[in-house]
Amino acid sequence: MKSAVETLNPTRVRLTVEVPFEELKPSLDAAYKKINQQVTVKGFRQGKVPARVIDQRFGRGAVLEEAVNDALPKFYTEAVNEGELNVLGQPEVDITELKDGELLAFTAEVDIRPALEIPDYSGIQVEVDAVEVSDEDVEKSVEQLRERFASTSPVERAAEEGDVVTIDLEAKVEGKVLEDGVAKGVSYTIGSGELLDGIDEAVKGLEAGGSATFTSELKGGSAAGKEAEVKVDVTAVAARELPALDDDFAQLASEFDTLEELKADSRKRLERMKKYDQATQAQEKVLDELIKLVEVPMPEKLLADEIETRKHNLVNHQLAQMGLDLAKYLEIQGKTEEEFDAETKEQAEKGIRTQFILDELVSKEKLNVSQEELTEHLMRRAQSSGMSPDQFAQAVVEGGQVPMLVGEVARGKALAVVVEAATVKDTNGEVVDLDDDEDEAADAAETVEAATEAADAEVKDADAKNEG
């Protein structure tokens, strides 16, 4: 076999392959054997029909077609390996010559990963929010904890702000009660904003047994986004009573003996949360700056597939679960389809650039993923997916997604290397030391995952298709 590579552009090549006919013999033998198992010829046992009889009865062309279809993937893969190409996706194959007994020639156009030059990134500088926890932040945190320990007691009076009411709801659209528009015995805290717009005003002033009707835009269900006439019946009213903020509350709500100890712990916890947010912000900003430094040619087909995957995931998964179509979603978001398409393309391009750049860094810095790191990442992903680690691991293995997880961890480590080399200052002008975060690489993996979204699956799928 002879092969040659022609570069069409930085992300696409054309392979020209010539195969001497004798190299097709294994595939020809396999083709005769396959046809033998599928046909019946009088006078011959099944599977024992001679090749010359198959040629006469069914045509040599059918045999050649079967043999070429069998042989092409093998010769294509050999040509890819010979050319040391990092291909993406399925090739577009064109058989240019097929001479029985002499030669098979074909061309294959395919996208490739672009060669990237990673410049010195140590000069990257970003600014992040300072870690500041105010007394007001602490008081708010303690108040939220206090709310969790509130008790309720029935009252015989009109409902007020902060009361908990038990209500029945019935929603009509265009005069018809929706099948999924009836709910009984719903518990609702007035002023929480957890139900429909307008419900607070409707139930305030009502006693148990009172009713009201109001108009609101439905947030979910079969008529999501539509204006509905909603009837609300109050069946019970209960007042909420908050525990006193004292040492007894601290002992009730925590492992601490005094309120001051509880507040001190709340301050520490808020500081940890803000440091985590600060680290995530640093990673995102450093990643944005890194992307600006590197020229990344964009494979057109990969980009088109990525855009389509993102749209498919949004429409057929996220919006479908909410009972929305794309048109209604865009109406709610206040976007035109052109604006949505432009945003999706921008996000898709960023995801692909992020993956290509960080993959190149993984190679350049010779970064490896240990079993411990992979297991830790798997545990995190399982937790965020709501599955047990065993269930998630089984799903990952069965779906062939282990390489994807390894890639996420490796790219997270690559981003951590860049963040460590960058200068990160807070809004007070103080240099932020992110080395104290033991989970920096793991956190960076989550940042990368959010940036790439569907891109990782697209590129991995493209790589996998090439192997086939």
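Since every read-out is calculated from the coordinates, none of them should be taken as a lab result. Not measured: the values here are computed from a predicted model. All Cβ positions, even for glycine, are placed from backbone atoms using ideal geometry, and neighbour counts span all protein chains on display.
Based on the mean of other beta carbon atoms within 10 Å per residue, what is the order of 72-81, 360-369, most packed first?
Highest-to-lowest ranking by the protection proxy: 72-81, 360-369.
Note the full-extension length gain between Gln371 and Ala450 as 0.36 nm times their separation in residues minus their Cα-Cα distance, in nm to one decimal.
Working it through step by step, the gained length comes to 26.2 nm.
Quick check: convex hull over the Cα atoms of the range 2-112, volume per residue in Å³, rounded to an integer?
That works out to 96 Å³ per residue.
Would you mind checking which residues have amide H under 5 Å from Phe44's amide H? H placed 1.01 Å from N; only 5 or more apart, or other chain.
For Phe44, no residues qualify.
For Lys226, project a label point 7 Å along Cα to C-beta. Then give me every residue of the range 153-169 with its amide nitrogen under 20 Å of that point.
Zone members listed by number: 169.
Whole-Hz Karplus ³J(HN,Hα) for the range 295-302, in order, using 6.51 cos²θ - 1.76 cosθ + 1.60 and θ = phi - 60°, x for Gly and Pro?
Ordered by residue, 3J(HN,Hα) equals 7, 10, x, 9, x, 4, 5, 4 Hz.
Per 0.36 nm of contour for each residue apart, how much would the distance between Asp325 and Glu174 grow if the chain were fully extended, relative to their Cα-Cα spacing?
52.4 nm is the gain from fully extending Asp325 to Glu174.
Taking the simple approach of a point 7 Å from Cα along Cα-to-Cβ for both Val182 and Glu398, what is their distance in nm?
Each label point lies 7 Å from its Cα, and together they span 3.8 nm.
Considering amide H positions built from the backbone, and no H for Pro or chain starts, which residues 5 or more places from Ala208, or on another chain, come under 5 Å of its amide H?
Under 5 Å from the amide H of Ala208: Arg157, Val237.
Going toward the positive end of the dipole of the range 127-269, with +1 on Lys and Arg Cβ and -1 on Asp and Glu Cβ, which of Ala238, Val177, Ala208 do you reach last?
Val177
Antiparallel DSSP bridges in the chain: what percent, to the nearest 5?
Of all bridge pairs located within the chain, approximately 95 percent are antiparallel.
Quick one: what are the phi-derived ³J(HN,Hα) couplings along the range 312-321, Karplus 6.51/-1.76/1.60 with θ = phi - 60°, whole Hz, x for glycine and proline?
For the range 312-321, the Karplus curve yields 4, 4, 5, 6, 8, 10, 5, 6, 4, 5 Hz.
Kindly rank 142-155, 259-272 from highest to lowest mean number of other beta carbons found within 10 Å of each residue.
259-272, 142-155
Can you tell me how much longer the chain between Glu160 and Glu132 gets when fully stretched, taken as 0.36 nm per residue apart minus their C-alpha distance, in nm with one decimal?
6.5 nm
For the chain, take the longest principal axis of its alpha carbons; what is the angle in degrees between that and the long axis of helix 25-38, to the nearest 10 within 0 to 90?
For helix 25-38, the angle is close to 70 degrees.
If you plug each phi of the range 366-377 into the Karplus form 6.51 cos²θ - 1.76 cosθ + 1.60 with θ = phi - 60°, what whole-Hz ³J(HN,Hα) values come out, in order, with x for Gly and Pro?
6, 8, 10, 10, 7, 4, 5, 5, 5, 5, 4, 5
At 7 Å along the Cα-to-beta-carbon direction for both Gln90 and Lys74, put a label point, then send me their distance in nm to one decimal.
Rounded to a tenth, the inter-label distance reads 2.1 nm.
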